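Worksheet: one structure, shown below.
The values are calculated or read from the model by the stated rules, or taken from the named source; none is laboratory data. No experiment lies behind these values; they were computed from the predicted model shown. Every residue, glycine among them, receives a Cβ derived from its backbone with ideal geometry; neighbour counts consider all protein chains shown. All accessible areas refer to the heavy atoms of the entire protein, side chains included, with ligands and DNA or RNA removed. Shrake-Rupley method; radii C 1.70, N 1.55, O 1.52, S 1.80 Å.
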Amino acid sequence: MSWHPQYRSSKFRHVYGKAASKDKCYDCVPITRNVHDNHFCAVNPSFIAVVTECAGGGAFLVIPIKQTGKLDPHYPKVCGHKGNVLDIKWNPFNDFVIASCSEDTTVKIWDIPNQLLKRNITTPKKELLGHARRVGLIEWHPTADNILFSSGYDYKIMIWNLDVKDAVLSKPVKILDTHKDVVLSMSFNTDGSLLATACRDRKIRVIDPRAGAVLQEGSYKSHKVNKVLFLGNMKKLFSTGTSCWNNRQIALWDQNDLSVPLLEEDLDDSSGLLFPVYDSDTHMLYVVGKGDGNIRYYEISPEKPYLNYLMEYRSHSPQKGIGMMPKRGLDVAACEIFRFYKLIPTKSLIEPVSMIVPRRSESYQEDIYPLTAAAQPALTAQEWLNGINKGPLLVSLRPGSEAVNSLPQFLEPEPLLKTTDLSQQQGGGERMQEKQKPREIEDGRRRLKVEEKLPTNEQTCLSNGFGIFECPPPKTENELLQMYYRQQEEIRRLRELLIQRDVQIKQLELELRNLCTDTGNY
């Protein structure tokens, strides 16, 4: 008789949620009372943006991520919209650019200054005028620079190329006119070549956004879909919605066959919406309930049963919206694998909730932090519009490795730039660097590696002030103990050096793969 374990082995089986202390929260924040079903919050490693209450138009706050505690009631706002703001999203490749959409039928792009705001921002960097009715959703492309998708109550999805000098754009590069009702949700696959949508007509669609063709379309009579999500490269979709009995429900779909769900499960009989959030690095799926304080989380596997329940974070404070910190902003020293920002309007509070893997070791846990998406685009806007597909550039989160916010090394073999420089030089600088020949790039990288090796070689020849072959033999027991401790310290340092070398090897392999992809595209 075969024995099957009751629990499956998983490194994320004991993940738990930890709410931040009161001094690490954002207090006295006038969170919007709008009933629109959106996150109302956007987060990056530099700022947290939240839609706020505002008389005579729409506005949102942009607060530096480290400025916790009570918010000044006269804190400046970003207030250029004439109607309520319905959605905000940070540019994934520039921490100082944010997009917003509103009931006034416009989409606006804003430049946020690096220093603390001293007055209201009323003039946008760009204004997109194309929708005939209010705009409810916006999404940045995950790998192409300056490509933005917007969806309005005119049932149209518009694709905008922001890589132009015009401050006012009235003609999108593409209009997807395939929906018969309001689009409730949009989600990209990993390389941004496919778009999944959930519509009020209860149908899920998988669309080729550049061709405008619907590749798959399906609905299920017992599942009224609200939100849909691509599950990375697993060729599966995840949706949340309600059953015919009005229970909150989740469903899993095959990307290539939307006729019947692979899995369907009722959660509870609450009335609030369910926001799905997927972490493709750890294959963990979070389901956040609107109107309650719970966050359920699962682990996704490619084989049955596909969805493995892990745990549920419970709180008495109901959330109206939620923000998610990108991986490059997490605290890896505390084994933090995800961080939510809960909007609690009843307390005018934004509460960070960290998802933590309990580990005793204080060293970097490489097994729970695989290479993750970098803060640089893999493609220009025009390359993507021309039909090129490319996955995101990947970086390591190990402290002391390549700066996560810097330019990719295969584009520039010079010292890495800081985040603030990136926001100013992202336009023309990258285009010039991409034109370098692969041989010149390799020569530059080789020179760098030779220069890096010289000091490390000198360091390995020394052991606490003595040369390895010059250490005098110990004469007493005390000297013998000191020699032993010095050798232990040397072994520990050499192990750290080996780990650094392994990381450098992985980064070089990644750069080589990116370089081969680039040369194949030209």
(request) Please give the solvent-accessible surface of Ser259 in Å², to the nearest 10, using a probe radius of 1.4 Å with every protein chain present. (result) 60
(request) Kindly rank 13-25, 277-289 from highest to lowest mean number of other beta carbons found within 10 Å of each residue. (result) 277-289, 13-25
(request) Set the Förster distance to 35 Å, then compute FRET efficiency between Arg359 and Lys180 from the Cβ-Cβ distance, nearest 0.05. (result) 0.10
(request) Give the calculated FRET efficiency between Lys221 and Leu371 to the nearest 0.05, with a Förster radius of 51 Å applied to their Cβ-Cβ distance. (result) 0.75
(message) Given an 8 Å cut-off on Cα distances and at least 6 residues of separation, report the relative contact order of the range 16-373 as a percent.
(response) 13
(request) Give me the number: length gained by fully extending Asp166 to Lys82, i.e. 0.36 nm times residue separation minus the C-alpha to C-alpha distance, one decimal in nm. (result) 28.1 nm
(request) Apply 1/(1 + (r/R0)^6) to the Cβ-Cβ distance of Glu312 and Arg33, taking R0 = 30 Å, and write down the FRET efficiency to the nearest 0.05. (result) 0.65
(request) Identify, among Cys244, Pro261, Tyr155, the residue whose Cα sits farthest towards the positive end of the charge dipole of the range 16-373, taking +1 on the Cβ of Lys and Arg and -1 on the Cβ of Asp and Glu, with the dipole about the Cα centre. (result) Tyr155
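Calculate what fraction, in whole %, of the accessible area of the range 16-373 sits on carbon and sulfur atoms when a 1.4 Å probe is rolled over the protein chains.
Numbers: 6860 of 14430 Å².
That fraction is 48 percent.
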(request) Could you check the simple spin-label distance between Gln488 and Asn247, using points 7 Å along Cα→Cβ, in nm with one decimal? (result) 5.9
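Can you tell me the order of 368-376, 125-133 when each peptide is scored by its average per-residue count of other Cβ atoms within 10 angstrom, highest first?
On the way: 368-376: 19.6, 125-133: 17.2.
The densest-packed peptide leads the list: 368-376, 125-133.
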(request) Residues in the range 77-91, backbone N under 16 Å from the label point at Thr122 (7 Å along the Cα-to-beta-carbon vector): list them, ranges by number please. (result) 77-83
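Rounded to the nearest whole Å³, what is the per residue volume of the convex hull around the Cα atoms of the range 73-220?
Working: hull volume 18.0 nm³, N = 148.
Spread over its residues, the Cα hull of the range 73-220 gives 122 Å³ apiece.
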(request) Sticking with the crude label model, points 7 Å out along Cα→Cβ, report the distance from Lys66 to Asp111 in nm, one decimal please. (result) 2.4
